[in-house]
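The values are calculated or read from the model by the stated rules, or taken from the named source; none is laboratory data. Keep in mind the model is a prediction, meaning the values are calculated, not measured. Here Cβ is always computed from backbone atoms with ideal geometry, including for glycine, and neighbour counts include all displayed protein chains.
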Amino acid sequence: MLSRFLTLLQLSTANPAADSQEIVRHVTLLILFVVAVVLLFWGKKLLHVILFLFGLTGGLAIAIGTNNFFFHLQGVSLAVYTVVLALTGAVILSFALTFSFFLAGNTLAFFAFNSCKSLLPVSCQETWCLIVFCLLCGILATALKEQAIALFSAFGGSLIILDVLFSLIFQQDSLLFLQGGFGILDTATALIALLLLVLLTVVGTMYQLGKIKVRS
């Protein structure tokens, strides 16, 4: 992917009319890939950073949602309100570790359920199944802590890697796989993607827990 991006960059330099949107797309995919690799192999070591980002994202989402439904702020007022709530969420999750593990487990369970929903029996695709699954993962994360954050960060990194791969292979926008899950793929491709997801998650988790060591 890096060589492809560099080739595109050289072409755009030689040809000023090169598609700038394609360059932005490849830069985005490159950034997502780097983030995914970091999560996959070093997520446990970056626990507080991950929780900070979770809180920041959650606070931002709450700010946008409450403003759209209740306050309808604009301009500077909206910016201040959004920044305050985002930073508040980030700080809370950085220090309230028990709650942070529970919420992180819920969040990643939501992404996992959404991605794998199309592979489940119809009876297991109901909303109540999602709620139960999120609660169970939240409780599991709270109980296991370090093991859970290694598993969840490896899973999150694996999902993003799959998203980058499919974006490159099928020439699609980034984050499309994270939004649509396996439902956007045909059966054979979905099976390959599932096996790759499981393999990457297992390898990343074992590496973070010290079960796999790389000799220097």
**Request:** Check Ala109, Ala104 and return the single one that is over 26 Å from Leu191 (Cα atoms) and of a type outside the set (Val, Ile, Thr).
**Result:** Ala104
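Among residues belonging to segment 101-121 that are of a type in the set (S, T, N, Q) and surrounded by fewer than 23 Cβ atoms within 10 Å (Cβ to Cβ), point out the one that is modelled with the lowest pLDDT.
To start, the set of residues in segment 101-121 that are of a type in the set (S, T, N, Q) comprises 106-107, 114-115, 118.
So of that shortlist, the ones also surrounded by fewer than 23 Cβ atoms within 10 Å (Cβ to Cβ) come out as 106-107, 114, 118.
Values: Asn106: 80, Thr107: 76, Asn114: 75, Ser118: 71.
Within segment 101-121, the match that is modelled with the lowest pLDDT is Ser118.
A quick yes/no check of all residues on (1) touching a strand residue (DSSP E or B) at 6+ places or on another chain (Cβ under 8 Å); (2) modelled with pLDDT of 85 or more; (3) at negative phi:
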| position | (1), (2), (3) |
| --- | --- |
| Leu162 | no, yes, yes |
| Phe170 | no, no, yes |
| Asp173 | no, no, yes |
| Ala190 | no, no, yes |
| Gly210 | no, no, no |
| Arg215 | no, no, yes |
**Evaluation of Leu178 against (1) at pLDDT below 80; (2) out of contact with any Asp or Glu (no Cβ under 8 Å at 6 or more places or on another chain); (3) surrounded by 15 or more Cβ atoms within 10 Å (Cβ to Cβ); (4) closer than 27 Å to Lys45 by Cβ (one fails), failing number** = (2)
